[in-house]
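Worksheet: the structure to be examined is printed underneath.
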Amino acid sequence: MDTISLIEELDKISGATVLCVGDVMLDQFVYGSIARISPEAPVPVLSVEKENSMLGGAGNVARNLSALGAQCLFFGVVGGDLEGQKVRGLLDELSNTKVTLLIDQSRPTTVKQRFISSNQQVIRVDREITEVIDEKIENQLLQAIFSALPDASVLVLSDYDKGTLSVGMVSELIKAAKTSNIPVIVDPKGEDYSRYAGASLITPNSAELKIASRAKTESDTEVTSAAECIRKKFKLNDILVTRSAKGMTLVESSGPTHFPAAGKEVFDVSGAGDTVVATLGAALAGGISLNAAVRLANVAAGVVVSKSGTAVASQADIVSILNYEKTPIPSEGKRVSLAEAVNQIQSWRIKGDKICFTNGCFDLIHPGHISMLSQSRRAGDRLVVGLNSDESVKKLKGKSRPIQNEISRARILAALSSVDLVVIFSEDTPIELIKSIKPEVLTKGADYSMSEVVGSAFVESYGGEVKLIDIEDGHSTTATVNKISES
């Protein structure tokens, strides 16, 4: 199936109904900076700057189904606490989602709290009870699901081993779904896959498959062999193994199909498995073939790993990637806002492109500028230029500058084949631009020292590269302006 046909298939997702049940949790992210060690113990002190809460686990499957435009019938259990109320509120905010959330007063809502500094996770704190939910609650949940099952086209079981999906419940749900001829997709957990016997499709990652099969899962052959063993042993129709940078492997009775990774630049893998199972569920519920559904799930996974936190992939995200062509952008489309740049860069990264960033006033473009920009472009796959606004140039160069206004300067830069995007910034330095774009390579002319390059410490903090570009002697905008003034 070609790309155009695959995009057309996406339309089938809208209105498709997926019943999702599993371990819902609250993902909390606490962001801050570390500048000192505690006087109480040899541990870093995190100064909190902002906090964010998102749906995790099965709740993130619901988020993804909603973002894809599918109808979701969601079933889960929380504790009788504030975190449970927060989960309920977040679920109620989702479009196309009907929520049945039972409260078990004997347990807390599962919470995963991540503390992050300089884009690095410092520590994760989990609050949970993993024992099976109260038997009364389980029976109520089962009866509610049985009543709703006829309204669904696919059943998704999101198992995080937090107690919602007991062995008995999983068996009952698979049996009921098979009786109604409804496919069952399972995002599995643990080492005993006998509990998922009879499921239509399970989606372990390669590490989980290794544990469950007790076999190697590095090469294509090893993954296929391990998955086929599990598939036959537990009477599973198909297995989709997610393999990070190695892509995905679908093992059916007819044999394996290997799908190369849709994205090479991984920023955060949180929730990628949820996105995969949600996309598969929505696609199959819409009548899309399994092979095409896996291709869509592969692209969706590439979208979310390039985002920070527990992210989701929408239909628009998937279409954007499928429409991607590695061809130059017309010059009139290169001058963009920061938000537009971030969105475009995300698409490039999913395709494996390395982003290079440089900045400057570029008042009167001369051969030195052309050389510097060309060298910068060769340092990566895409070059983003931060352009000082008119007001910013005046602060740096004086009231008589710039000679050309920011729109004219941006148009000239955009006309260069070495430049992929131009973003105008009004601040004194481009540091906020750099933090938002997070380039793999940061360049500046060699007339600067490394310590003088704005953003160098930030880029190096996450493994990025800072390069000083050789400049051609005899070319300077200031010198040209002075020469004109003297004549």
Solvent-accessible area, 1.4 Å probe, carbon plus sulfur percent, for the chain: 48 percent
Charge dipole magnitude, Cβ of K and R +1, D and E -1 - the chain, Cα centre, debye nearest 20: 440 debye
Rounded Å value of the spacing that divides the Cα centres of the range 355-387 and the range 147-183: 55 Å
Label-point separation in nm, Asp447 to Ser253, each point 7 Å along Cα→Cβ: 7.3 nm
With Cα atoms, 0 to 90° folded angle of helix 290-305 axis to the chain main axis: 50 degrees
Potential extension, Phe146-Ser244 segment - 0.36 nm per residue separation minus Cα distance: 31.8 nm
For the range 187-289: relative contact order, % (alpha-carbon pairs under 8 angstrom, 6 or more apart): 22 percent
Helix 220-233 vs. the chain, principal-axis angle (Cα, 0 to 90°, nearest 10): 20 degrees
20 Å reach of a label modelled at Ser408, 7 Å along Cα-to-Cβ, counting backbone N of the range 357-373: 360-370
Estimated FRET transfer efficiency when R0 is 35 angstrom, pair Val45-Lys136 (beta carbons, to 0.05): 0.20
The range 1-100: C-alpha gyration tensor shape, a/c 1.5 cut-off, then a/b vs b/c: oblate
Difference of contour (0.36 nm per residue) and Cα-Cα distance, Leu468 to Gln120: 122.6 nm
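Quick check: net charge around Thr97, other residues with Cβ under 13 Å of its Cβ, Lys/Arg +1 and Asp/Glu -1?
After counting each charged neighbour, the total is +1.
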Links that overshoot a 18 Å alpha carbon limit, given the list Lys136/Lys175; Lys98/Lys189; Lys189/Lys210; Lys394/Lys444; Lys394/Lys435: Lys136/Lys175; Lys98/Lys189; Lys394/Lys444; Lys394/Lys435
Projected label distance in nm at Ala339 and Asp192, using a 7 Å step from Cα toward the beta-carbon: 5.1 nm
Sites Ala207 and Ser417 - FRET efficiency at Förster radius 45 Å, r taken between beta-carbons, to 0.05: 0.55
By average C-beta atoms within 10 angstrom, highest first, the peptides 376-389, 86-99: 376-389, 86-99
Surface per residue (accessible, 1.4 Å probe) for the chain, Å²: 45 Å²
Relative contact order of the chain, defined on C-alpha pairs under 8 angstrom at six or more residues apart (%): 12 percent
Extreme residue, positive dipole direction of the chain, given options Ala16, Val423, Val30 (C-beta unit charges): Val423
Between helix 58-68 and the chain: long-axis angle, C-alpha atoms, 0 to 90°, nearest 10: 60 degrees
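Could you compute the FRET efficiency for Arg378 and Val319, with r as their C-beta to C-beta distance and R0 at 30 Å, rounded to 0.05?
0.45
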Computed magnitude of the charge dipole of the range 3-116 (debye, nearest 20; Cβ of K, R +1, Cβ of D, E -1): 140 debye
Net lengthening on full extension, Lys232/His366 (0.36 nm per residue, minus Cα-Cα): 41.5 nm
Rounded to the nearest 10 Å², the accessible area of Ile431 at probe 1.4 Å: 40 Å²
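The values are calculated or read from the model by the stated rules, or taken from the named source; none is laboratory data. If you're wondering where the values come from, they're calculated on a predicted model, not measured in any experiment. Neighbour counts are summed over all protein chains in view; Cβ atoms, including those assigned to glycine, are modelled from backbone coordinates with ideal geometry. When the accessible area is computed, the model is the full protein with side chains, heavy atoms only, and any ligands, DNA or RNA have been set aside. Shrake-Rupley method; radii C 1.70, N 1.55, O 1.52, S 1.80 Å.
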